[in-house]
1. Compare the Cα positions of ILE69, THR85, VAL10 along the charge dipole of the chain (+1 at Cβ of Lys, Arg; -1 at Cβ of Asp, Glu; about the Cα centre) and return the one farthest towards the positive end.
2. May I ask you to list the lysines whose Cα is less than 28 Å away from that of LYS99, ignoring any residue fewer than eight positions away on the same chain?
3. Using the Kirkwood radius over C-alpha pairs as Rh, can you work out the diffusion coefficient of segment 53-99 via Stokes-Einstein at 25 °C, viscosity 0.890 mPa s, in µm² per second?
4. Which angle from 0 to 90°, rounded to the nearest 10, does the C-alpha axis of helix 14-27 make with the longest principal axis of the chain?
5. Quick one: length gained pulling TRP11 to GLN68 fully straight, 0.36 nm per residue minus the C-alpha distance?
6. Under a point-charge model restricted to the Cβ atoms of Lys and Arg (+1) and Asp and Glu (-1), what is the dipole moment magnitude of segment 43-102 relative to its Cα centre, in debye to the nearest 20?
7. With contacts defined as alpha carbon pairs under 8 Å and 6 or more residues apart, what's the relative contact order of the chain in percent?
8. Counting Lys and Arg as +1 and Asp and Glu as -1, each charge on the Cβ, what is the dipole of the chain about the Cα centre in debye, to the nearest 20?
Amino acid sequence: MRERQHFIGVWLDEAEYQHLQKQQEITSLSVSALVRKSILGVEVRRRPHDTYTALLRELSAIGNNVNQIAYWANVRKSISENEITETIGLIQQAWKLVKNDL
C-alpha cells in the first residue's frame, strides 16, 4: 500500500509552470517533493555543486594534515620552517579550492 493515500491535481498557467520547472532544476527535487516541502514550510535549498563533496573531502584532508603538524609542534615544543611553509601551502590550497567553487 502507498505511504501517501491522497492525490491532489493542480492546474498551472504557463508562468507558474515555468517557475516550477526552474525550482526543480535548481533543487533537483520532484514536483511532489517540492509541493510537500512547501506545504510543510520547509526551506527549499539549491542542490550543492557537483564538486561540493570533493571540496569537503580535500578540506578535511588538509585539516587533518594541519592538525598533525600542530600536534608534532606541541610534542616537540618546536616547529621547523619547512613545516610552517607546508602548513601555509595547505591553507592556501584550501582557500583556492573554496574560492574557485563559489
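1. Going by the Cα projections, it comes out as ILE69.
2. Cross-link targets: LYS22.
3. Details: Rh = 11.1 Å.
Calculated translational D: 221 µm²/s.
4. 30 degrees
5. Numbers: separation 57, 0.36 × 57 = 20.52 nm, distance 5.91 nm.
That pair, TRP11 and GLN68, stretches by 14.6 nm at full extension.
6. For this selection, approximately 180 debye.
7. 21 percent
8. On the way: 13 positive and 12 negative charges, 69 e Å.
Roughly 320 debye, rounded to the nearest 20.
The values are calculated or read from the model by the stated rules, or taken from the named source; none is laboratory data. Everything quoted here is computed from the prediction, not taken from an experiment. Here the Cβ is made from the backbone with ideal geometry for all residues, glycine too, and neighbour counts use every protein chain on show. Calculation scope for accessible area: heavy atoms of the full protein, side chains included, ligands and nucleic acids excluded. Shrake-Rupley method; radii C 1.70, N 1.55, O 1.52, S 1.80 Å.
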